[in-house]
1. Could you list all residues from region A:1-41 that are open to solvent by less than 50 Å² (accessible area, probe 1.4 Å), more than 9 Å from every other protein chain (Cβ to nearest Cβ) and either outside any helix (DSSP H, G or I) or within 16 Å of B:TYR42 (Cβ to Cβ) (or both)?
2. More than 21 Å from the chain's Cα centre (by Cα) and not acidic (Asp, Glu): is that true of B:ALA27 in this structure?
3. Please find, among B:ILE104, B:ILE92, the residue that is of a type in the set (Val, Ile, Thr), in a loop (DSSP other than H, G, I, E, B), open to solvent by 10 Å² or more (accessible area, probe 1.4 Å) and within 14 Å of chain A (Cβ to nearest Cβ).
4. For B:ALA80, state whether it is in contact (Cβ under 8 Å) with a residue 60 or more places away in the chain, away from chain A (no Cβ under 12 Å) and either within 30 Å of A:SER2 (Cα to Cα) or within 11 Å of the chain's Cα centre (by Cα) (or both).
5. Name the residue, out of B:THR32, B:THR113, that is more than 25 Å from B:VAL202 (Cα to Cα) and either touching a Leu at 6+ places or on another chain (Cβ under 8 Å) or outside any helix (DSSP H, G or I) (or both).
6. Would you point out which residue out of B:PHE11, B:PHE25 is surrounded by fewer than 14 Cβ atoms within 10 Å (Cβ to Cβ) and modelled with pLDDT of 95 or more?
Amino acid sequence: MSGYVALRSAYAVTLIIVLLYVRYLLGRYRRVRKEMRDLKRSS
Amino acid sequence: MKPLSIAFIVFTLALLGFSTYQALFVAPTEQTMGDVQRIFYYHVPSAWVAGVCFFVNFLASVAYILKRNSDADALAAASAEVGVVFCTIVLITGPIWARPVWGIWWTWDARLTTTLVLWLIYVSYLILRHFATGSQTKLLAAVLAIFGFVDVPIVYMSIRWFRTQHPSPVMGGGENSGLDPAMLHAFLWNLLAFTCVGIILVVARYRLQQMENEVEAEHARLALAGGAR
């Protein structure tokens, strides 16, 4: 693997991991907000 | 979302763009390694953010044990999770750098091994929090976090205590250590940008944990109200 390919791969990995984590947080946030709304409605 | 939070996110995105430009196009190319050395500009800041997150987790765990405060527990959970994310980046970008420079992806030297152990400790911390049930879970997690944090200074000192395959400290490593000023400039911009990203993620995860705690409390309240009827 050449240095340039390694550099691009490492950069892509860094970006992808952070973006996946942000997506995971947003998904979890949506679920919790929905659950909160449902709970308020039922009470 | 508050205007201040939005402004901080926009500032961080702009800073990330600028620091990436500094790392990829402005910083001089290292003579021996060439372009692959530029991985340093996000490998080291990722390690820094992971270390700070684990330190915050340690402080929050101590606070939880002393005061049984659910906000301290939420901060501990948030910082551990973000720390694991950045530690994962470190463990992946390190071998990607090592392959063209050392000719191998991995070796069991002190720095690499202690970092892998650190990652395993905090992954087990998250697994414990996720799967354990019962009133003692948060306390057990806090105790695990305090013992787990012992590995952080070991990771930091490993390249000073042992002769390792991993490069010796670039900064604060004695007479022959140090960075070219242009490299240092790019490095510090990246350090700042990654720190801001870490802060945003920890705050977002902390608020999420607080919301989950509220939902849990509401469930308990409804169950009690149902039982009383």
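1. Filtering region A:1-41 for residues open to solvent by less than 50 Å² (accessible area, probe 1.4 Å) gives A:3, A:6-7, A:9-10, A:12-14, A:17-18, A:21, A:25, A:27-28, A:32, A:36, A:39.
Those still in the list that are more than 9 Å from every other protein chain (Cβ to nearest Cβ) too: A:12, A:27.
Of everything in region A:1-41, just one residue is open to solvent by less than 50 Å² (accessible area, probe 1.4 Å), more than 9 Å from every other protein chain (Cβ to nearest Cβ) and either outside any helix (DSSP H, G or I) or within 16 Å of B:TYR42 (Cβ to Cβ) (or both), namely A:ALA12.
2. Numbers: more than 21 Å from the chain's Cα centre (by Cα): yes; not acidic (Asp, Glu): yes.
So B:ALA27 fits the description; yes.
3. B:ILE104
4. Details: in contact (Cβ under 8 Å) with a residue 60 or more places away in the chain: yes; away from chain A (no Cβ under 12 Å): yes; either within 30 Å of A:SER2 (Cα to Cα) or within 11 Å of the chain's Cα centre (by Cα) (or both): yes.
It is true that B:ALA80 is in contact (Cβ under 8 Å) with a residue 60 or more places away in the chain, away from chain A (no Cβ under 12 Å) and either within 30 Å of A:SER2 (Cα to Cα) or within 11 Å of the chain's Cα centre (by Cα) (or both).
5. Values: B:THR113 fails: either touching a Leu at 6+ places or on another chain (Cβ under 8 Å) or outside any helix (DSSP H, G or I) (or both).
Just a single option satisfies the conditions, and that option is B:THR32.
6. Details: B:PHE25 fails: modelled with pLDDT of 95 or more.
One residue alone meets the criteria, B:PHE11.
The values are calculated or read from the model by the stated rules, or taken from the named source; none is laboratory data. The structure presented is a predicted model; accordingly, all values stated were derived computationally and were not measured. Glycine also receives a Cβ, built like all others from the backbone with ideal geometry; neighbour counts cover every protein chain displayed. The accessibility values were calculated without ligands, DNA or RNA, using every heavy atom of the protein model including side chains. Shrake-Rupley method; radii C 1.70, N 1.55, O 1.52, S 1.80 Å.
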